[in-house]
1. Is the shape of segment 19-176 rounded, prolate or oblate, going by the alpha carbon gyration tensor and its root eigenvalues a ≥ b ≥ c, with a/c under 1.5 for rounded and a/b larger than b/c for prolate?
2. For Asn36 and Ser209, compute 0.36 nm times the residue count separating them, minus their Cα-Cα distance, and round to one decimal in nm.
3. Rounded to the nearest 0.05, what FRET efficiency do Val103 and Glu279 give with R0 = 35 Å and r taken as the Cβ-Cβ distance? Could you check?
4. Specify, per residue and in Å³, the volume enclosed by the convex hull of the alpha carbon atoms belonging to segment 237-343.
5. For Ser110 paired with Leu298, estimate the spin-label separation in nm (one decimal), with each label point 7 Å from Cα along the Cα-to-Cβ line.
6. So if each residue of separation counts as 0.36 nm, and I subtract the Cα-Cα distance between Asp258 and Thr233, what length gain in nm does that give?
7. Taking 19 Å as the cut-off for C-alpha to C-alpha distance, list the pairs among Lys71/Lys260; Lys244/Lys295; Lys296/Lys318 that go past it.
8. Charges only on Cβ, +1 for Lys and Arg, -1 for Asp and Glu: so what's the dipole of segment 19-176 about the Cα centre, in debye to the nearest 20?
Amino acid sequence: MNCRWVILFFTFSAISMEAQISISAGFVEDTVVIGNNATFRLSLEIDEGVEILAIPTFFIDSIYSALQSYKMQADTSQPVQPVLADLEWVSKGGFEDANGDGVFTSDEMSWEISTIGSKRLLQNAFTLKLWDPGPIVLLYPPVLYSYLGNQEQWVREEQFEIFVAPPQGVPIERDSLQIAPIKSIREEVANLSDFLIVFIVLGLLIVSSLIYFTYIKFFKKSGNELVEVESETIIPAHEIALKKLNDLKLQKLWQHGDIKMYQSELTHIIREYLEARYEIPALESTTNEVIRALKKGLLQDGDVISVQRILQVADLVKFAKATPEENIHEAFMDEAVEFVERTKIETEINNGLD
C-alpha cells in the first residue's frame, strides 16, 4: 500500500514539474505590408510559485530575412546562413534593457498580467517595422525562472514567421524563399593560400617602386625634365549617371521582355552614383547596408525611401523571380532621374566677375 502511494506521489510530482511553465510566441499578423507596423506577443502561462528571473535579449536581435539570407548564399548546396533583417523598433512593450547587459532581468520586465484558474498569464507585445520583403523569422527566447527554490531554464529550438508583403504591384510567392535552420559557425584553419593576395600586392608594390626610381634616375641622367601630365578632366557623378540612365532608357530592355537585365542595370547605375556622390561602397554592399549608410544623415527620409524601394524591387526580380507590373519600370526610371537631379552637386562657373 505504501509503495502505491510513493508511485502516485512521484507521478504527480512529474506532472507538476512539466506544468510549471508554458511559453508561446508569435506575430499577431500572418502578413504585413513592408514598412508597416508588425506586432509579436510573448506569452508565459505559469503556476503559482514560479518567478521569471531573466530573458536574454538576443532573440529580439535575431530577426532574419529569407531574401537577404538567400542573396548572401554563394554556394546553394550548403545550408543558408541567416542574415539579419532590416528593421526599425517602434516599441518593446514593457521590456527595457536599461543597463545594456544583453539580458532582460525581472526588474526590467513589466508584464500584462491576467489569471487563468490557478495559473497566471504574463504577456508582452513588441512592435517593429520590417523593410525586407518575403518571409521573416524570429527565434523563441530562452527563459530563466525559479520554482520552489530551484532555478530552471525553458528552451525551445524553434522559430516563428511572418510574411512581409513587397511594394504594391510586385507579386512574390510565399514559398519561393525559405530560411534554413540556424547552423553554428565553423572556423577554418588559416593556411598559406589565405595570404596569397598579400604577397601579390607586396610584389606589385616593390616592382612598381623599382620601375619608378629607375625612370626618375634615367631622366636626371639624360638632363631631361619630367613633363607634368595634364590632369584628367573629372566628369561629375550626376552627369555620368544621367547619361547612363538615358542610354538604358533608349535600349528598351523591359519592353523587349528582358526585365531582369533592365532592373540590374538600373540599380547598378544608382549604386554607382551613390558610391561616387556619397563615398559609400554601394556597389559591393547589400541593399540593407546601403540603406543603413544613407540613413546616417546623407539623404532626406523621402530620398532614402525612394532608393530603398527601387533597390528592393530589383532584388526581388533578380533573386526571387518576381514580376513587377509594367508601369513600375518607367516609373522607377523617372524616379531615378529625379533623384539624381535632386541630389547632384551644383558646379559653379567662374566668369571672372565679382
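Bear in mind these aren't lab numbers, they're just calculated from the coordinates by the rules spelled out. Computed from a predicted structure; not experimentally measured. All Cβ positions, glycine included, derive from the backbone under ideal geometry; neighbour counts span all protein chains shown.
1. In terms of gyration-tensor shape, prolate.
2. Gain in length upon complete extension: 56.6 nm.
3. 0.35
4. 87 Å³
5. The modelled label-to-label distance comes out at 3.8 nm.
6. Net length gain for the segment: 5.5 nm.
7. From Lys71/Lys260; Lys244/Lys295; Lys296/Lys318, over 19 Å: Lys244/Lys295; Lys296/Lys318.
8. 260 debye
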